[in-house]
1. Specify the residue that is surrounded by the fewest Cβ atoms within 10 Å (Cβ to Cβ); the eligible residues are those in segment B:26-39 that are more than 9 Å from DNA strand D (Cβ to nearest atom) and more than 12 Å from every other protein chain (Cβ to nearest Cβ).
2. Scan segment A:109-126 for residues that are assigned to a loop (DSSP other than H, G, I, E, B) and either closer than 14 Å to residue A:92 by Cα or within 10 Å of chain B (Cβ to nearest Cβ) (or both) and jot them down.
3. Would it be correct to say that residue A:96 is farther than 25 Å from residue A:26 by Cα and more than 7 Å from every other protein chain (Cβ to nearest Cβ)?
4. For residues that are over 17 Å from residue B:27 (Cβ atoms) and over 10 Å from the mean Cα position of the chain (by Cα), scanning just segment B:79-93, find the one that is farthest from DNA strand C (Cβ to nearest atom).
5. Can you tell me how many residues within segment B:40-57 are in a helix (DSSP H, G or I), touching a residue at least 24 places away in the same chain (Cβ under 8 Å) and within 13 Å of DNA strand D (Cβ to nearest atom)?
6. Please identify the pairs in which a residue from segment B:82-104 that is of a type in the set (A, V, I, L, M) has its Cβ atom under 7 Å from the Cβ atom of a residue that is assigned to a loop (DSSP other than H, G, I, E, B), counting only partners at least 6 apart or on another chain.
7. In segment B:50-78, how many are more than 9 Å from DNA strand C (Cβ to nearest atom) and surrounded by 15 or more Cβ atoms within 10 Å (Cβ to Cβ)?
8. Can you give me the number of residues within segment B:19-30 that are in contact (Cβ under 8 Å) with a residue 24 or more places away in the chain and either within 13 Å of DNA strand C (Cβ to nearest atom) or of a type in the set (Val, Ile, Thr) (or both)?
Number of protein chains: 2
Amino acid sequence: MTKIIRTEMKEKTPEIFDDVKKIFISYLEQNAHRKTPERFTILKEIYALDGHFDIETLYIKMKNNNFRVSRATLYNTMDLLINSNLVVKHQFGQNSSLYEKSYKFKQHDHLICLDSEEMFEFCDPRIQEIQKSLEAMFKVQITHHSLTFYCVKNTEKEKKTKK
Amino acid sequence: MTKIIRTEMKEKTPEIFDDVKKIFISYLEQNAHRKTPERFTILKEIYALDGHFDIETLYIKMKNNNFRVSRATLYNTMDLLINSNLVVKHQFGQNSSLYEKSYKFKQHDHLICLDSEEMFEFCDPRIQEIQKSLEAMFKVQITHHSLTFYCVKNTEKEKKTKK
DNA sequence: TTCATTGCAAAGCGTTTGCACGTTC
DNA sequence: GAACGTGCAAACGCTTTGCAATGAA
């Protein structure tokens, strides 16, 4: 599996779950969504995970913890969490999407090695400058972005198509 | 359908197909792939298209032109063309991939409006600077990147999840 | 002749949908 | 009580795979 190298240590996860829960409640109330126990259980499970995860992994984890949950509910809840800015979604390959908790975790982009199983995370302030330029040029408000660089360590004869 | 606004006009497509064909032949020979008529027909069809397209669109277009082709061959050939640097692949949503001819067409990134059907293209030199920094920092060679900004024109109450 | 490539159809797989039941408001 | 949310299974849609036939080297 993919080894992830983080360029900066993340702060120890304190009791941020209370904060996160409040934010989620506020979002649900403001948008007239119901506060079901499933939604809070899913949020809690996600904030107990580190790094990227996919729906299947989350599903298995919850099943192992004896929570009765369906994939459909997981997908629905992810949308709510993304809109609450509590989770970010990445689509690196063409396969499954990867998700990641985002509250109090620094926004970062990715550098993916094509000839090894490594993925690096980085944060470059120049991306914010580009964003400002675009907002001024196109007269829009940018909500988020996705930036991924792909690299090789060794020179390869023919690039393997990423599965 | 998505309206695409280009920030700079592309040069008129001259007889670049000869160049492109030579590059493809060279790639096929260097990698011991066969030079089948299907591959060249697909290449020609792609270079007759403008902007983004998906496999289904290309498939229909070729069927309409009375070419006997299968989707499987289209997918296989796209991989070869991507490795030849004659085509780039975008994965904006989580649905189908979009492809685009790339030879002699300026590398660009995208700005996607979430509350309209517009997509802008832009090219910012600062992205190259970020790339250089990353190559030095991680001691790798970057082959390509994907950068997409998402924006809104109007303030929206609840973000619609992109289909 | 050999075996990579092709078209076709079926399979694969992540995600979405339909529906009856349960639960929040 | 009304209607939103849930679990389950089936459906969906893009992509890949299996296989016999074709044809490039």
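The values are calculated or read from the model by the stated rules, or taken from the named source; none is laboratory data. Since the model is a prediction, treat every value here as computed from it, not as a measurement. Here Cβ is always computed from backbone atoms with ideal geometry, including for glycine, and neighbour counts include all displayed protein chains.
1. B:26
2. Of everything in segment A:109-126, those that are assigned to a loop (DSSP other than H, G, I, E, B) and either closer than 14 Å to residue A:92 by Cα or within 10 Å of chain B (Cβ to nearest Cβ) (or both) turn out to be A:114, A:115, A:116, A:117, A:124, A:125.
3. Against the criterion (farther than 25 Å from residue A:26 by Cα and more than 7 Å from every other protein chain (Cβ to nearest Cβ)), residue A:96 qualifies.
4. So the residue we want is B:92.
5. So the count comes out to 3.
6. B:86/B:102; B:86/B:103; B:87/B:102; B:88/B:102; B:98/B:52; B:98/B:54; B:98/B:92
7. Selection size over segment B:50-78: 7.
8. Final tally of qualifying residues: 5.
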